[in-house]
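A.B. asks: This is the structure, below, for whatever I ask next.
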Amino acid sequence: MMQDMDSLTEANLYQAHIKDGLPQEMRKVPFRNIRDLLSLHSKASGGKTFLIFYDATGERQALSYAEFNARVHQAANFMYEDLGVRRGDRVATIADNHIDTVLIYFACWVIGAAVAPQNVAEDDRRIAFILRDSEAKLCFARTEYLERAESIIEGGDDDEGAPNIEAIVEVGGTPGHRYINFHEALANRPTTFLGDDSGAKAADMPLGDGTAATATLADEALLVYTSGTTGTPKGVILSQYNLLVDAQGISQWQAITGNQRMMCVLPIHHVNGIVVTIITPLYVGGSTVLNRRFSVSHFWGRIVREGVNVVSVVPTLLQFLIEYSQAELAAGNTIFGGAISRRDLTQFRHFICGAGTLSVKLAGEFSEIFGFTLLHGYGLSESTCFSCFLPISLSWEANQRWLLDHGYPSIGCPIEPNEMAIFAADGSGKQLGEGERGEICIRGHNVMQGYFKRPDANAETFKFQWFRSGDEGYFQRDEAGRQFFFITGRIKELINRGGVKFSPFDIEEVLLGIDGVKVGLVIGFQNDYYGEEVGAYVVLDDGATVEAETILARCRDVMPFEKSPKAVVFGSEIPVTSTGKYQRLKLQKLFSQWEQTQFRP
């Protein structure tokens, strides 16, 4: 892995990888690499279905473990022999949820190469920057994005493109374009990976010409870039071990076993889709249903048809499911659509929910309508994926109390690979106690290997031997002494009004309690008198009419004037990341007219 750290930062990072006194090199998983895990299941349960895929038209494909393993090795042979991909290289993708995308990921991991997946929803300049910064040598682009990929990589008068990309490989489409076609190239390839001259095909044989060693758990697997609202995106380095140990922790906490099936409705350019609903079922020998995209009208039907037990979602999707249920009821159908009943869903266990901001109102409304358990959790790309969840052992009543009774839905307790703590938000390194608000910090085996080519960020992030999340939160203990954590906002999004800091989440819960308000986001906007003032960006329910003064008055009824919004902007669109996180800072410019206004009670 390409790192540029001073000795102090290296020492701090080493400490940030320790859990239960064990450094990260003392592995918690029994596999040599991801290929070893895949090989085990393809031999032991080769005929068992691993991956089911629904494309945008609803067409279904399915691969058993043996079929998936064979196609992964065909892809790895193609990459190694024809494209020159070697251990330690990086390969970019401009693609979407598809079997082909999963095959490309695993083929890279078989070789010991890393994947730098791109979010096609991002703008071209950002993608070009990430392609350059990642130092990827190849780009796999689906046919529908091929022209765009060409334009991004070639650049133009106002953008330097990505000259490091040596070749583009077309994925999908019809062979015959001027680029190598992925499907055509896989035809007639060996289904075991390159062995030595004697024809041996053992998993631990040297690759190809014998000059490269077998991939290890320490090898870089993913280079994913943060979706921060400001500044240059940072590349998060995750190793094969990071992926496996977090999947192990998720499966243990969620009681996911080899006889269960998950479903992926989130994008697999992001760690949530990759780790929770592809690596985790693979880890336990289970199966997964991959959807081209989330479809509210097909969601429940596919759960029933495929016998899905667990789905990972973001809060935005919960809202979509509520709205769909209301429309279906109005049409005389069930809340699940058509004639689907709760009896048809007896195999479904629970939802995993995280990555975005879950409000108490949304959690309560979803629970009341559907009656399925929400295992709310929290994590970041920098901690591979999830770091904590509400315990699966909680009764329905206890689950509801932790979701609804504390002002914020609890994100639960730390999973086995890591521990969590609250430190002073000023970065002083002072650890805080129960109920004290500060920065959520994480250390353990699922913590990243560092930011790629960002010594400045690494030094700051690990300066007191924990990973600093940038999120504000606190914890409370239950009767058994377990720490239940809460997130109260991004530290950079806290509103600093005249030296007093307010969390947007607190105020947003009040906004969401106002009849007619569908979404309420609280924004800290620049103000000459207090540095920052409190603004509210509001999206109303369809057909609702609520005046700005009504909203302001309601907030002042339950909060001090200083904390209450001073101005309201109504809108219909909400800027979000690809995983559903609200991007509040992008809304600040809408409040510029009040920059010189002094608000008085």
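The values are calculated or read from the model by the stated rules, or taken from the named source; none is laboratory data. Worth saying up front: this structure is predicted, and the values here are computed from it rather than measured. Please note: Cβ atoms are built from the backbone with ideal geometry, for glycine as well, and neighbour counts cover all protein chains shown. For the accessible areas, the whole protein counts, side chains as well, though only heavy atoms, and no ligand, DNA or RNA atoms are used. Shrake-Rupley method; radii C 1.70, N 1.55, O 1.52, S 1.80 Å.
A.B. asks: Which condition breaks for Leu63 when tested against (1) in a helix (DSSP H, G or I); (2) without any contact (Cβ under 8 Å) to a residue 60 or more places away in the chain?
C.D. replies: Against the list (1) in a helix (DSSP H, G or I); (2) without any contact (Cβ under 8 Å) to a residue 60 or more places away in the chain, Leu63 comes up short only on (1).
A.B. asks: Write out, first by first residue and then by second, each pair whose Cβ atoms fall under 8 Å of each other, whose residues are 6+ apart or on separate chains, and whose first residue, in the stretch 327-340, is surrounded by 14 or more Cβ atoms within 10 Å (Cβ to Cβ) while the second is in a loop (DSSP other than H, G, I, E, B) and polar (S, T, N, Q).
C.D. replies: Glu328/Thr334; Thr334/Ser341; Ile340/Thr334
A.B. asks: Then there's this: For the stretch 277-315, name all the residues that are within 19 Å of Cys385 (Cβ to Cβ) and of a type in the set (Val, Ile, Thr).
C.D. replies: The answer is Thr277, Ile278, Ile279, Thr280, Val284, Thr288, Val289, Val310, Val311, Val313, Val314.
A.B. asks: Can you confirm whether the stretch 534-549 contains a residue that is assigned to a strand (DSSP E or B) and either more than 24 Å from Gln596 (Cβ to Cβ) or at pLDDT below 85 (or both)?
C.D. replies: Looking for residues that are assigned to a strand (DSSP E or B) and either more than 24 Å from Gln596 (Cβ to Cβ) or at pLDDT below 85 (or both), one finds at least one in the stretch 534-549, hence yes.
Okay, residues lined up against (1) open to solvent by 10 Å² or more (accessible area, probe 1.4 Å); (2) at pLDDT 95 or above; (3) not in a helix (DSSP H, G or I):
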residue: Glu416; (1), (2), (3): yes, yes, yes
residue: Ala421; (1), (2), (3): no, yes, yes
residue: Asp426; (1), (2), (3): yes, no, yes
residue: Gly429; (1), (2), (3): yes, no, yes
residue: Gly433; (1), (2), (3): yes, yes, yes
residue: Glu436; (1), (2), (3): yes, yes, yes
residue: Cys441; (1), (2), (3): no, yes, yes
residue: Asn458; (1), (2), (3): no, yes, no
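A.B. asks: Give me the residue from the stretch 326-360 that is within 25 Å of Val510 (Cα to Cα) and more than 18 Å from the chain's Cα centre (by Cα) and, out of that set, modelled with the highest pLDDT.
C.D. replies: This residue is Gln326.
A.B. asks: Tell me yes or no: at least one residue of the stretch 30-47 is free of Cβ contacts under 8 Å to residues at least 40 places away in the same chain, in contact with a helix residue (DSSP H, G or I) (Cβ under 9 Å, 6 or more places away or on another chain) and part of a helix (DSSP H, G or I).
C.D. replies: There is at least one residue in the stretch 30-47 that is free of Cβ contacts under 8 Å to residues at least 40 places away in the same chain, in contact with a helix residue (DSSP H, G or I) (Cβ under 9 Å, 6 or more places away or on another chain) and part of a helix (DSSP H, G or I).
A.B. asks: I would also like to ask the following. Which residues, counting only those in the stretch 386-406, are in contact with a strand residue (DSSP E or B) (Cβ under 8 Å, 6 or more places away or on another chain) and surrounded by fewer than 13 Cβ atoms within 10 Å (Cβ to Cβ)?
C.D. replies: Listed by number, the list holds a single entry, Trp396.
A.B. asks: How many of the residues in the stretch 39-60 are β-branched (Val, Ile, Thr) and either open to solvent by 80 Å² or more (accessible area, probe 1.4 Å) or at pLDDT below 95 (or both)?
C.D. replies: So the count comes out to 1.
A.B. asks: Please state which one of Arg132, Arg125, Arg178 is loosely packed, with under 14 Cβ neighbours inside 10 Å, outside any loop (DSSP other than H, G, I, E, B) and of a type in the set (Lys, Arg).
C.D. replies: The match here is Arg125.
A.B. asks: Could you check, for the stretch 73-93, whether at least one of its residues is in contact with a Lys or Arg (Cβ under 7 Å, 6 or more places away or on another chain) and open to solvent by 30 Å² or more (accessible area, probe 1.4 Å)?
C.D. replies: Yes, that holds for at least one residue.
A.B. asks: Tell me which residues, restricted to the stretch 520-542, are within 15 Å of Phe570 (Cα to Cα) and open to solvent by 20 Å² or more (accessible area, probe 1.4 Å).
C.D. replies: Of everything in the stretch 520-542, those that are within 15 Å of Phe570 (Cα to Cα) and open to solvent by 20 Å² or more (accessible area, probe 1.4 Å) turn out to be Leu540, Asp541, Asp542.
A.B. asks: In the stretch 368-375, is there at least one residue being under 23 Å from the mean Cα position of the chain (by Cα), among the aliphatic types (A, V, I, L, M), under 25 Å from Tyr241 (Cβ atoms) and in a strand (DSSP E or B)?
C.D. replies: Yes, the stretch 368-375 contains a residue that is under 23 Å from the mean Cα position of the chain (by Cα), among the aliphatic types (A, V, I, L, M), under 25 Å from Tyr241 (Cβ atoms) and in a strand (DSSP E or B).
A.B. asks: Please list, ordered by first then second residue, the pairs with beta carbon atoms under 9 Å, 6 or more apart or interchain, first in the stretch 308-319 and in contact (Cβ under 8 Å) with a residue 40 or more places away in the chain, second of a type in the set (Asp, Glu).
C.D. replies: As it stands, the answer is Leu318/Glu365; Gln319/Glu365, since those pairs meet every condition given.
A.B. asks: Right, another one. Could you list, in sequence order, the residues of the stretch 135-149 that are farther than 24 Å from Arg454 by Cα, of a type outside the set (Phe, Trp, Tyr) and either assigned to a strand (DSSP E or B) or open to solvent by 30 Å² or more (accessible area, probe 1.4 Å) (or both)?
C.D. replies: Of everything in the stretch 135-149, those that are farther than 24 Å from Arg454 by Cα, of a type outside the set (Phe, Trp, Tyr) and either assigned to a strand (DSSP E or B) or open to solvent by 30 Å² or more (accessible area, probe 1.4 Å) (or both) turn out to be Ala141, Arg142, Thr143, Glu144, Glu147, Arg148.
A.B. asks: Enumerate the pairs (first residue in the stretch 448-466 and over 19 Å from Glu220 (Cα atoms); second residue anywhere and open to solvent by less than 30 Å² (accessible area, probe 1.4 Å) and part of a loop (DSSP other than H, G, I, E, B)) with beta-carbon separation below 6 Å, excluding pairs fewer than 6 apart on the same chain, so at least 6 apart or on different chains.
C.D. replies: Qualifying pairs under 6 Å: Phe464/Gly429.
A.B. asks: Going through Lys501, Lys492, Lys463 one at a time, which residue ends up being within 21 Å of the chain's Cα centre (by Cα) and open to solvent by 30 Å² or more (accessible area, probe 1.4 Å)?
C.D. replies: Lys492
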